[in-house]
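Below is one structure, written out as structure tokens; the observations come after it.
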Amino acid sequence: MTNVTNRSKINRVLLLGCATLMLSLVACGKYSKANRFEYGGMVFPGSAKAVRGDRKSFVATAGPASASLDGAVAAARYQGIKYCIDYLGTSDIDWQVGPDTPPEQLMIESDKVTFRGSCTE
């Protein structure tokens, strides 16, 4: 009877471990997809962060610009819009450097395009 009880305990621990692992994998996949933008069959990871002291202002980056400048620009734009919707509930942006900036004037560093903007209400 002790063998059956031990097996039952082991099965419960294994089941709990598998469930925890699956939830972790789902959470990781969900998080990484939120910061990725697909363009022309390629993936352009990016992010957007608030400017210190001004939640409406942000800096958005995406790349690799060397793979496709158009893709990196679209991904950085996406990150900016996503930032404004998530934090202020609007998709209206006043771009200081953004998708309408001529390509030769874009800020590209470490193979990433960098945009600056402010969410407007």
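Considering every residue within the stretch 74-84, establish whether at least one is in contact with a Ser or Thr (Cβ under 8 Å, 6 or more places away or on another chain), free of Cβ contacts under 8 Å to residues at least 24 places away in the same chain and surrounded by fewer than 17 Cβ atoms within 10 Å (Cβ to Cβ).
Restricting attention to the stretch 74-84, the residues satisfying the condition of being in contact with a Ser or Thr (Cβ under 8 Å, 6 or more places away or on another chain) are 76, 79, 81, 84.
This time we only want the ones that are free of Cβ contacts under 8 Å to residues at least 24 places away in the same chain, so: 81.
Then drop every residue that is not surrounded by fewer than 17 Cβ atoms within 10 Å (Cβ to Cβ), which leaves none.
No, the stretch 74-84 contains no residue that is in contact with a Ser or Thr (Cβ under 8 Å, 6 or more places away or on another chain), free of Cβ contacts under 8 Å to residues at least 24 places away in the same chain and surrounded by fewer than 17 Cβ atoms within 10 Å (Cβ to Cβ).
Go through (1) surrounded by 13 or more Cβ atoms within 10 Å (Cβ to Cβ); (2) modelled with pLDDT of 95 or more; (3) under 14 Å from residue 118 (Cβ atoms) one by one and return the number of the condition residue 88 breaks.
(2)
Can you name the residue in the stretch 29-56 that is basic (Lys, Arg) and more than 19 Å from residue 111 (Cβ to Cβ) and, of all such residues, is modelled with the lowest pLDDT? If you could, list the steps in order and put the result at the bottom.
Initial filter on the stretch 29-56 (basic (Lys, Arg)): 30, 33, 36, 49, 52, 55-56.
Filter once more, keeping what is more than 19 Å from residue 111 (Cβ to Cβ): 30, 33, 52, 55-56.
Numbers: 30: 36, 33: 62, 52: 92, 55: 91, 56: 95.
Here the residue is 30.
Looking at the stretch 51-70, can you tell me whether even one residue there is crowded, with 19+ Cβ neighbours inside 10 Å, out of contact with any Lys or Arg (no Cβ under 9 Å at 6 or more places or on another chain) and assigned to a strand (DSSP E or B)?
Within the stretch 51-70, none of the residues are crowded, with 19+ Cβ neighbours inside 10 Å, out of contact with any Lys or Arg (no Cβ under 9 Å at 6 or more places or on another chain) and assigned to a strand (DSSP E or B).
Quick check: anything in the stretch 105-113 surrounded by fewer than 16 Cβ atoms within 10 Å (Cβ to Cβ), out of contact with any strand residue (DSSP E or B) (no Cβ under 9 Å at 6 or more places or on another chain) and assigned to a helix (DSSP H, G or I)?
So far as the stretch 105-113 goes, no, none of its residues is surrounded by fewer than 16 Cβ atoms within 10 Å (Cβ to Cβ), out of contact with any strand residue (DSSP E or B) (no Cβ under 9 Å at 6 or more places or on another chain) and assigned to a helix (DSSP H, G or I).
The values are calculated or read from the model by the stated rules, or taken from the named source; none is laboratory data. This one's a predicted model, so the numbers in the text were calculated from it and none came from an experiment. Note that we place each Cβ from the backbone using ideal geometry, even for glycine, and neighbour counts take in every protein chain shown.
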